[in-house]
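Heads up: the structure comes next, in C-alpha cells.
The values are calculated or read from the model by the stated rules, or taken from the named source; none is laboratory data. Worth saying up front: this structure is predicted, and the values here are computed from it rather than measured. All Cβ positions, glycine included, derive from the backbone under ideal geometry; neighbour counts span all protein chains shown.
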C-alpha cells in the first residue's frame, strides 16, 4: 500500500483507533473520508484538517448502504482504500441465560458490517490503481477473552474472511489485516486508562511505521499483540488463554 496520495474510506472514524489513524493518514498526504454513526464525533476528527471529509454511515443499515456507498463514490471517484474499522465490544456472561441483543449487535456490526461494506465497494476498488482493503481485527481473534466471547468470535471470523478475500483479490486489490492489542481507547468502560493497555498514540505511531514498510506486511502487528498472535504456533495458547481468563473474571465481577 502506498503511504500517500490515497483516497481512504475509514469506518468508525469518530473515536479511538479510527480517529488516530485517520488523522495520521491525513497528515501523511492522503484524503481521508471518515464514516460512522455519530456526526459530531466525526466532525471532531476532521476539525482543522481540510482533507478529512465526513460521511454519516451506518454499516448496519442494510437498506440504505448501497445508495450511501454509491453517493460516496460519486463524490470521491478516486477512492482506492477501504478500512473496515467500525466495531463494538460488550461484556457477556456465558454462565447464565441472557438477552442476546448484545451478541446480535456485535455480529451485525463487527462481522456483517465489513462483509457488506466490502461487497458494496469491491467492484469499484478492483478497477482502481493501488487499491487496498484493510480489515481491523484484534489480538483476541487468536486468543479469545472469556468476558467478550462474541466480540472475540467476530474478530476470528474476520481474520478468516480476510484470508479468503486476499486470495480472491490477489493481484488486483491488496488485502491487509490490522490486529491491535489492548489499546487505551473508549471501546469499553475504563479502557482509556487501563494499566497494561498500549497508549493510543504509541499504538498509532507504531502502526504507521509498519504501513511504511515496503512491501506492506499482510498483517500489521505491533509488538504488544505478538504474544497473542504467536501463542498457538509457540505452544503457548493454553497459557495465554489462562491469563486472559483471569482478566475476564475480574472484568465480569465488576459488570452487571
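Annotations for the structure displayed:
Here's the yes/no breakdown for (1) in a loop (DSSP other than H, G, I, E, B); (2) surrounded by 15 or more Cβ atoms within 10 Å (Cβ to Cβ); (3) in contact (Cβ under 8 Å) with a residue 24 or more places away in the chain:
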{"position": "21", "(1), (2), (3)": "no, yes, yes"}
{"position": "32", "(1), (2), (3)": "no, yes, yes"}
{"position": "35", "(1), (2), (3)": "no, yes, yes"}
{"position": "41", "(1), (2), (3)": "no, yes, yes"}
{"position": "68", "(1), (2), (3)": "no, yes, no"}
{"position": "77", "(1), (2), (3)": "yes, no, no"}
{"position": "82", "(1), (2), (3)": "no, yes, yes"}
{"position": "93", "(1), (2), (3)": "yes, no, yes"}
{"position": "97", "(1), (2), (3)": "yes, no, no"}
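- Of all residues in the range 168-179 being in contact with a helix residue (DSSP H, G or I) (Cβ under 8 Å, 6 or more places away or on another chain) and either free of Cβ contacts under 8 Å to residues at least 12 places away in the same chain or surrounded by fewer than 20 Cβ atoms within 10 Å (Cβ to Cβ) (or both), the one that is farthest from residue 109 (Cα to Cα): 172
- Looking across 140, 145, 165, one residue alone is touching a helix residue (DSSP H, G or I) at 6+ places or on another chain (Cβ under 8 Å), touching a residue at least 12 places away in the same chain (Cβ under 8 Å) and not in a helix (DSSP H, G or I). It is 145.
- Single residue of 194, 213 found to be more than 16 Å from the chain's Cα centre (by Cα), modelled with pLDDT of 95 or more and either more than 21 Å from residue 27 (Cα to Cα) or surrounded by fewer than 19 Cβ atoms within 10 Å (Cβ to Cβ) (or both): 213
- Test: residue in the range 6-16 that is free of Cβ contacts under 8 Å to residues at least 40 places away in the same chain and either buried (at least 18 other Cβ atoms within 10 Å of the Cβ) or touching a helix residue (DSSP H, G or I) at 6+ places or on another chain (Cβ under 6 Å) (or both): yes
- Within the range 43-66, being assigned to a loop (DSSP other than H, G, I, E, B) and either at negative phi or in contact with a helix residue (DSSP H, G or I) (Cβ under 6 Å, 6 or more places away or on another chain) (or both) holds for 47, 49, 50, 51, 57, 58, 59, 60, 61.
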